1. SER81 passes all but one of (1) buried (at least 17 other Cβ atoms within 10 Å of the Cβ); (2) outside any loop (DSSP other than H, G, I, E, B); which number fails?
2. Kindly list, by first and then second residue, each pair from a residue in the range 31-60 that is on the phi < 0 side of the Ramachandran plot to a residue that is modelled with pLDDT under 90 and of a type outside the set (Val, Ile, Thr), limited to pairs with Cβ atoms under 8 Å and residues at least 6 apart or on different chains.
3. Of the residues that make up the range 85-97, is at least one touching a residue at least 40 places away in the same chain (Cβ under 8 Å), surrounded by fewer than 18 Cβ atoms within 10 Å (Cβ to Cβ), more than 15 Å from GLN70 (Cβ to Cβ) and touching a strand residue (DSSP E or B) at 6+ places or on another chain (Cβ under 9 Å)?
4. Would you point out the residue of the range 48-78, among those that are closer than 20 Å to SER114 by Cα and among the aliphatic types (A, V, I, L, M), that is surrounded by the fewest Cβ atoms within 10 Å (Cβ to Cβ)?
5. Looking only at the range 84-109, which residues are over 17 Å from ASN58 (Cα atoms) and either under 12 Å from the mean Cα position of the chain (by Cα) or not in a strand (DSSP E or B) (or both)?
Amino acid sequence: MAEINGISVPFIPIVGNTEVASRKVGKEAVSSFDAIFKEELEKVKFSNHALKRLEARNIQLSDNDLSKIQNAVEKAEAKGSKDSLVMMDKTAFIVNIQNKTVVTAIPVAESNESVFTNIDSVVFAY
């Protein structure tokens, strides 16, 4: 069992754990839970609605596609956007920029309408 201040504990403490402490983010070593948590918060997420739409419309995203969406969201955020239409290949993603959350995904060819409302910007992800 691990010990903290001479007391045996039934878990492995994060403090002093070299595996967690040696994790790299950019050029800096991460030494705290807070830094790892902030790193995860910066990533784009998908709402339940968006996940259902991706599955129903047979839209599959690679790691490269996710990276393109992440970069597009970062660009929109830098310009002060709140809700953006992110166009990638032949798919449109409505993204809430403040929450970094994809709200829905629509293949442009299958779209019944070509009008998108309640957005304040369009970003082309490439």
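The values are calculated or read from the model by the stated rules, or taken from the named source; none is laboratory data. The model shown is predicted, which means the values in this text are computed figures rather than measured ones. Here the Cβ is made from the backbone with ideal geometry for all residues, glycine too, and neighbour counts use every protein chain on show.
1. Looking at each condition in turn, SER81 falls short on (2).
2. Partner pairs satisfying both residue conditions: SER31/ALA21; ILE36/ARG23; ARG57/GLU110.
3. No, the range 85-97 contains no residue that is touching a residue at least 40 places away in the same chain (Cβ under 8 Å), surrounded by fewer than 18 Cβ atoms within 10 Å (Cβ to Cβ), more than 15 Å from GLN70 (Cβ to Cβ) and touching a strand residue (DSSP E or B) at 6+ places or on another chain (Cβ under 9 Å).
4. Top of the filtered list is ALA56.
5. Correct list: VAL95, ASN96, ILE97, GLN98, ASN99, LYS100, THR101.
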